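Read the structure below first, then the notes.
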Amino acid sequence: MAGDHKLPVVLVSGLHADARREVVEGLLREIPHSVALHHDLATAEKGTVLRTVRDSSGVLSSGEAPLVNDCACCALREDLVPELERLAADGVTRMAVVELWDSVEPRAMAEVVAAHGEGAVEVTGVITAVDPALVLPYLVNGDDLAEVGLAAAATDQRTVGDTWARQLEYASAVALVNDDQADDEDRALIGQLHPTAPQAAAGSQALTRLALAGFDVEAAGAGQHPACALLPQEAEEAGVSTLVWRRHRPFHPERLYDALEDLSCAAARSRGRFWLADRPDTLLSWDAAGGALCVENNGPWLASLPDAAWDMIAPVRRAAAALDWHPEHGDCCQHLVFISPGLDRDGLTALLDSCLLTDGEYEAGRTAWKDLPHAFDALLDPVH
């Protein structure tokens, strides 16, 4: 059966390029007849992406893939699956390690392999390679990728901090390289950013087992959706704190907007979901790193949908809503997580609480809430 002979594919990602290469070399040594596939997007300005295939002894082949719609990441997607299918059919390769270029995020690539490589290949692990001493400097780096030569397309507006955070948070395992400069604070920060991911040393047998343990692409995607993300829990270790702030009362839009700069800079990393009084039916996502905040409309809360529409909602979303269902507001809630060394927990909690509706504003009801200042219109409804 074809399903019994799928080629295991392991994605290795991370902005820490030296750490990433060390992890890849370790996997190639651990698994005989494994190969690494890498697309170098640094040549994209010349109109092509350079592909190399290598094993533990060195480069086996190389070639160029033309850009697709002036997008290096699109070229990677177009070229990746055929290469993996070729390796799967050669009868020799036992594992394919896809070493993702610096700023490429693993989620998009995992979903491409899962969607188009059905029958020949399967993703068995997503590993983010980490140099512990670099985690905080990268996380608080608010530079645009374009400014540091790591943009994957001309339209790429991501920052170093938010890209690094997503690379880490999507992984099924975290691979740590040895760095004498790392301390307990660095290791605590990694653990609190992604507490459910097992950690293993680069080049270890434990990491190889994690690479082949299996990976549910659909579940991993759901775990990143603001409506049902498994956000970190309260934690305190080695000077690093995770504050989980949950409330059911909506934010006053103007007071929250005025506090955005302070809130986005209050922690090295913050994310979650929230609701505004003037948009009571809209689930909004919060994603901040390096002082840069992204707020997005993620569609309606389930509480605002007619019963008939629930059948079209993914079961994982319905389950997440049911776990935290409020008798009055349903799944509408504030659920924000702030992670940082030296976090001012009391000050941050007080600032967030001050942005909620007061008793009088709350009791005025939803009709009155919609007349409050629409402070987020410029962020959420930009004029093109």
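The values are calculated or read from the model by the stated rules, or taken from the named source; none is laboratory data. Given the structure is predicted, the values throughout are model-derived calculations rather than measurements. Every residue, glycine as well, gets a Cβ built from its backbone with ideal geometry; the counts of neighbours run over all protein chains shown. For accessibility, only protein heavy atoms count, side chains too; no ligands or nucleic acids. Shrake-Rupley method; radii C 1.70, N 1.55, O 1.52, S 1.80 Å.
List of remarks:
- A Förster radius of 25 Å, combined with the Cβ-Cβ distance separating Asp143 from Glu296, puts the computed FRET efficiency at roughly 0.70.
- Neighbour net charge for Ala292 - beta-carbon separation under 13 angstrom, K R +1, D E -1: -2
- Exposed trypsin sites (Lys or Arg not before Pro) absent - longest run of the chain, DSSP non-H/G/I/E/B, at most 14 other C-beta within 10 Å: 95-369
- Only DSSP H runs of four or more residues enter the estimate; each adds -39500 (n - 2.57), and after division by the residues of the chain the mean residue ellipticity at 222 nm equals -9000 deg cm²/dmol.
- Estimated dipole of the chain in Debye, rounded to 20 [Cβ of Lys and Arg +1, of Asp and Glu -1, Cα centre]: 840 debye
- Working note: Cα atoms of region 221-336, range along each principal axis, descending, whole Å: 47, 32, 25.
- Peptides 335-342, 108-115 ordered by packing proxy, namely the average of other Cβ atoms within 10 Å per residue, highest first: 335-342, 108-115.
- Charge-dipole axis of the chain as Lys and Arg at +1 and Asp and Glu at -1 on Cβ define it, positive-most pick from Trp369, Thr48, His38: His38
- Neighbours of Arg255 by Cβ distance under 11 Å: Lys/Arg scored +1, Asp/Glu scored -1, total -4.
- Mean Cα-pair separation over length for the chain, i.e. relative contact order, pairs under 8 Å, 6 or more apart, %: 16 percent
- Considered as an equivalent ellipsoid built on the Cα gyration tensor, region 296-341 has semi-axes of 23, 12, 11 Å, the largest given first.
- Rg(Cα)/(2.2 N^0.38 Å) for the chain, N = residue count: 1.05
- Region 82-136 - Rg (one decimal) and Dmax (whole number), Cα, Å: 13.4, 43
- Sorting the Cα pairs of region 165-265 by distance into bins of 10 Å, from 0 upward, gives 12, 34, 34, 15, 6, 0 percent per bin.
- The chain: Cys lacking any partner C-beta under 4.7 angstrom: Cys73, Cys228, Cys265, Cys294, Cys332, Cys333, Cys355
- Sparse packing (at most 16 other Cβ atoms within 10 Å of the Cβ) combined with a DSSP loop state is found for none of the GluC sites (Glu not before Pro) in region 251-296.
- Across region 65-200 the C-alpha pair distances fall into 10 Å bins from zero in the proportions 11, 36, 33, 18, 2 percent.
- The value of relative contact order for region 292-384, using C-alpha pairs under 8 Å at least six residues apart, is 29 percent.
- Around Cys355: net Lys/Arg minus Asp/Glu count, Cβ-Cβ under 11 Å: -1
- In the chain, taking the dipole from charged Cβ atoms about the Cα centre, the farthest positive-side position among Leu60, Thr282, Gly149 is held by Leu60.
- Fraction of accessible area attributable to carbon and sulfur, region 276-370 (%, probe 1.4 Å): 54 percent
- Averaging the sequence gap over all C-alpha pairs within less than 8 Å and six or more residues apart, then dividing by the number of residues, gives region 228-323 a relative contact order of 20 percent.
- By the Kirkwood approach, averaging reciprocal distances over each pair of separate Cα atoms, region 39-117 gets a hydrodynamic radius of 13.1 Å.
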